[in-house]
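Only one structure is covered here, and it is reproduced in the block below.
No value in this document is a laboratory result; all are computed from the given coordinates. As the structure is a prediction and not an experimental result, all values here were calculated from the model. Virtual Cβ from ideal backbone geometry, glycine too; neighbours counted across all protein chains shown.
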Amino acid sequence: MHTRVKIHVEKITPIAGSGNLKAFASVSISKIIKIHDCRIIQRPGQRPWVSMPLRESHGKDGQHKFFPVIEVPKSLRAAISSAVLAAWGEEQ
């Protein structure tokens, strides 16, 4: 990842009583791109993780399928996850 990329967590919105979904986050990347609706997920007894925004689609068979809204390189996704989880930990 390019060293000039700066990730800023703009907002974290905690979600109470939603099972494994703990919060939504919005981040900006180098003040150029904003990503909304990143999800912080934590299953009981496991570490939290960040899911990039997803779009839901219903197939002909009635199955719910989810597709990524944005695709980012693995290194950038890891940096976003680290920043979001650090900011979320500060709010707890």
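In the structure shown, the pairs 11/65; 11/31; 34/74 are assessed against 23 Å; a Cα-Cα span above that value is assigned to 11/65.
Could you work out the relative contact order of the chain, using alpha carbon pairs under 8 angstrom and six or more residues apart, expressed as a whole percent? Normalised by residue count, the contact order of the chain is 22 percent. Using only Cα atoms, tell me the angle between helix 74-91 and the longest principal axis of the chain; keep it within 0 to 90° and round to the nearest 10. Value to nearest ten degrees: 90.
Taking 41 Å as R0, compute the FRET efficiency from the Cβ-Cβ separation of residue 60 and residue 21 and round it to 0.05. About 0.90, to the nearest 0.05. Arranged from fewest to most other beta-carbon atoms within 10 Å of their beta carbon, 43, 4, 77 become 4, 43, 77. Simple point charges give the picture: +1 on the Cβ of Lys and Arg, -1 on the Cβ of Asp and Glu, and for the chain a dipole about the Cα centre of about 220 debye.
Ranking 59, 42, 29 by Cα position along the charge dipole of the range 13-92, where only Lys, Arg, Asp and Glu carry charges on their C-beta atoms, puts 59 farthest toward the positive end. Can you give the log10 of the normalised intensity I(q)/I(0) at q = 0.26 Å⁻¹, computed with Debye over equal Cα scatterers of the range 1-83? Relative scattering, expressed as log10 I(q)/I(0), comes to -1.31.
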